[in-house]
Each structure stands twice: as structure tokens, then as C-alpha cells.
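In what follows, a structure is listed as C-alpha cells, so that the remarks can point back to it.
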Amino acid sequence: MNKFKVLHIEDEPEIRELVRKALEDNYTVDDASTGLDGIKKAQKFRPDLILMDLQLPSMSGYEATTRIHSIDSLKHIPIVAVTGNNTQEEREKSLAAGCSGFISKPIDLFKLRIDIEEYISGKKFEAVPEQTRNKYFRKYSEELVAKLQYRVEELTEANEEMTRLNEELARINQFKDEFMANMSHELRTPLNSIIGFSEILVDGLAGDINEEQQEFINNILSSGKHLLLIINDILDMSKIRSGRMKLYLESVNCDDLITDIRQTISGVIQGKHQQFTQVVSDKITTLNIDKKKVKQVLLNLLGNANKFTPDGGSIELRISPALQNGESAVRFSVADSGIGISPENFELIFDEFRQVDGSHSREYEGTGLGLPIAKKLVELHGGRIWVESKVNHGTTFHFTLPINFSPEDGE
């Protein structure tokens, strides 16, 4: 025989435990410490009776009772008020809220078992006259309106504070971007001098140097160039975020662009004995783009392909006609046979200063800005960028640029 189910809503843990031990031999008992939790438990537990403490935090037992009975599946469940305030007004108020009865604290555990049985069977039921019920309903309505007004005022104040904080955050963010841009400029000037003088020493223009000195100067030159790339990335991102990155569109011959790209990337490709191929549609002859920035995007994607593809692997650049939002566009695709990217990281890789977790992010250098900058530059052209990849089976980055992108769109 299935036991009747009793839900006890009470904020005092000692009382909850006492009632549970008193009833668990004859009933299936569950409990909750707040009115809101009690409503959720009632919907899931579907009790045959609810014991409701009237003095609950946040949401009173009166409000919890009316809310429970407003739910169709729970409106016929008897709710018995439990309180230490044993007055006639408290009794009337609880019955007007929809309670079927009233139990005073401290609870008489022996009598409690008898009362529960009678309330569940329907033998025991208390009610108040209609006039008394209406009086308390009016009072409930007034209290609810006051509570709602107070809550609206709280939310309004919180919203105003949130707006103020967002404005302050935007100002701080702008100051940060301006600082980063200014600092990048300041760092590039002495760094270019270091690189320039290192090249003079390496080329022997300042006199002969021995092999050890040559090695040291080459390390300085290599580190300086690497640091310059990082500073340039930070400067670009600062310009993009502050809205100061402008496009200078021109008609660019596609073959000239590819030749320029190939000459730039050939050294690192050959250094890892990788096979580089290009497939360009004969339907694509000229592009209306900012050549410098599109070249930057392609070099970033090809640089990543080179970095994450093992020695002897393959890299392919494809340019073909496409559609974007129903309009004519050009698709650029950079495919490699490298380590690949797991699907859960497809969006992460385009976040600023974010890199894929795991051994690969520690093994390969990078600032985490290359792809975010590429994405922003593509979007400045009115295009979109996305990735397709499978771990250990290579990666393909695609981006499309609209054919009819006008200079006004880039301003």
C-alpha cells in the first residue's frame, strides 16, 4: 500500500527534522526551507497534504499558499497553516489565504498525526465567512501592490546603477584602448631602432663580427621582430575596438595579390618542407578591397596553417565565387593537413586573447589576437569568417567578401 505524501515547508531545520522523524513511519515526507522552494517541490512531489509555516523568509506562507493553489494541478491539495502566533486574526488570515486548517507551535506530534489523517481524508476542514475572506483578500491586494511598487523601485534603481556602471566601464575600456594604442606607438619607435641596428650589425655594415657575436645579434633581431609583431597586433586590436580602424579600398588584381602572398609566406613554408598549392577561379580577376588588410588576414590564416601543420604536410589556398546573403561574393579558403580543432573550440578561437586549452596552446606561440583581428577585418569588409575542422584531420578557414562592397561601406 502506497503511503500518503506530506510536504513540510518550514525555515527552521530542527523543526523540519522533528516532523520528519514523527511522520516518516506512516507517510512519505519531503520538506523545503523557503516558499519558492516549497512551490517547486509541490509541483514535483505532488503531496497529498502540505504543512505550511506562515512566517517564512522572502515569501510568506500566505503568499506561498495562494501561489500553490493558483496552479491547476495543486489547487485541491489541503494546506495546513503552522505558526507560533496563535491569534484569531492569524487563523482567519491563513484560512482566507486558502489554508484548510491551523496548527499551533510548539507542535503536538501525537495530535499532528491524527490531524494529518483527518485533513487528508477530508473529515477536518476549517473555513471563514465570505465577508472575512474578502476583507483579507483586499488586504492581500494592497500588500501585494505595495510590495510590487517597492520591487519596481528597487529594479529601477538597480537598472540605473547598471547603466551608470556600463557607461563607466565603456569609458574605462576606451581609456584602456587609447593607452594601449599610445603605448604601442611608444614601444615601436625604440624597437624599430633595435631591429634596424641589429640588421646593420648582421650585414657587417659596422665592421666584421665573429660567429658567436653573429649568433647573439641574430637572437636579438629575431626576438625584436617577434615583439614587433605582438605590438602591431595589440595596436590593430586597439584601433578596431576604438573605431579608428579605417579601410582604404582599391581595385586589386587577384593574381598580383596571390603572388605577393606566396612570396611572403614561401620562406616559412619551405622551412617545414610543406607543400603549398593555390587554386584560383578564372572568374575572379579583380577585387574591391583594402589590399593591406586582406593580405594581413590571409597571412594570418596561412601562418596558422604553417604553424599547426607538421613538417611535410600540405597547405592550400582557394579563391572562388560564392554567395553571401544572396549577393555575389568571393570566398577565400585556407586548408591544411594539421592537428585540427575540436568543435567546442570553433567559437573560442575568435575571442580576443583566448587560445585553445591543452598541450597545443602551450607548445605553439601566439598572442591569441591573430584570429580575432582577422575576424574584425573581414567584418569591416562586410564579410564573414568561419572554420571547419576535425581533430588530427586538418582545418579549413573560410571567409567571404561581398563583390559590391563600396568605399562608403568601409568608412
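The values are calculated or read from the model by the stated rules, or taken from the named source; none is laboratory data. Everything numeric in this text was worked out from a predicted model, so none of it was measured. No Cβ is skipped: glycine too gets one built from the backbone with ideal geometry, and neighbour counts run over all protein chains shown. SASA here: full protein model, heavy atoms, side chains in, ligands and nucleic acids out. Shrake-Rupley method; radii C 1.70, N 1.55, O 1.52, S 1.80 Å.
Annotations
- Relative to the dominant Cα principal axis of the chain, helix 13-23 is inclined by about 60°.
- Sites PHE179 and GLU199 - FRET efficiency at Förster radius 25 Å, r taken between beta-carbons, to 0.05: 0.25
- Under-5 Å amide H pairs with VAL82, H placed in peptide plane, nonlocal only: MET52, ASP53, LEU54, ILE103
- Among the listed pairs LYS283/LYS375; LYS295/LYS376; LYS3/LYS75, those whose Cα-Cα separation exceeds 18 Å are LYS283/LYS375; LYS3/LYS75.
- The candidate values are (1) 34.4; (2) 39.9; (3) 25.2; the one derived from this structure for mean projected area of the Cα convex hull in nm² carries the label (1).
- Sequence-distant lysines (8 or more away, or on other chains) whose Cα lies within less than 21 Å of LYS147: LYS93, LYS135, LYS139
- Counting only protein heavy atoms and a 1.4 Å probe, the chain has 58 square angstrom of accessible area per residue.
- Whole-Å distance, taken between Cα centres, linking the range 1-78 and the range 240-277: 68
- Couplings 3J(HN,Hα) of the range 228-235, computed from phi: 5, 4, 5, 5, 5, 4, 5, 5 Hz, in residue order, whole Hz [Karplus 6.51 cos²θ - 1.76 cosθ + 1.60, θ = phi - 60°; x for Gly and Pro].
- Listed residues GLU250, GLU154, GLU12, most fluctuating in the chain (Gaussian network, C-alpha, under 10 Å): GLU12
- Computed over the range 102-168, the range of Cα coordinates on each principal axis works out to 63, 32, 21 Å, biggest value leading.
- Nearest-ten-degree value, helix 291-308 long axis tilted from longest Cα axis of the chain: 80
- Accessible surface of the range 87-162 [probe 1.4 Å, protein heavy atoms]: carbon and sulfur percent: 55
- The length gained on full extension between LEU348 and LEU228, counted as 0.36 nm times the residue separation minus their Cα-Cα distance, comes to 40.7 nm.
- Top positive-direction residue, dipole computed over the chain with Cβ charges, set LEU287, GLY101, LEU247: GLY101
- Protection proxy ranking, highest mean first, for peptides 251-259, 307-315: 307-315, 251-259, where packing is the per-residue count of other beta-carbon atoms within 10 Å, averaged.
- Over the chain, dividing the summed -39,500 (n - 2.57) contributions of all DSSP H runs of at least 4 residues by the number of residues returns a 222 nm mean residue ellipticity of -17500 deg cm²/dmol.
- Residue-wise HN-Hα coupling along the range 148-163, computed from phi with Karplus coefficients 6.51, -1.76, 1.60 (Hz; x: Gly, Pro): 5, 4, 4, 5, 4, 4, 4, 5, 4, 5, 5, 5, 4, 5, 5, 4
- ³J(HN,Hα) computed for each position of the range 197-206 - Karplus, 6.51 cos²θ - 1.76 cosθ + 1.60, integer Hz, glycine/proline x: 5, 5, 5, 4, 5, 4, 7, x, 6, 9
- A full extension of the chain between HIS76 and GLU14 corresponds to an added length of 19.4 nm, given 0.36 nm per residue minus the alpha carbon distance.
- The charge dipole of the chain, taken about the Cα centre with unit charges on the Cβ atoms of Lys, Arg (+1) and Asp, Glu (-1), comes to about 1260 debye, rounded to the nearest 20.
- Between ILE79, ILE114, ILE231, the Gaussian network model of the chain with springs among Cα atoms under 10 angstrom shows the greatest mean-square fluctuation at ILE114.
- Principal-axis tilt of helix 35-45 within the chain, Cα atoms, nearest 10 degrees: 90
- Shown are ASP290, ASP233, whose ranking by accessible area with a 1.4 Å probe and every protein chain present, most to least, is ASP233, ASP290.
- Subtracting the Cα-Cα distance of ARG262 and MET162 from 0.36 nm times their residue separation leaves 31.0 nm of extension gain.
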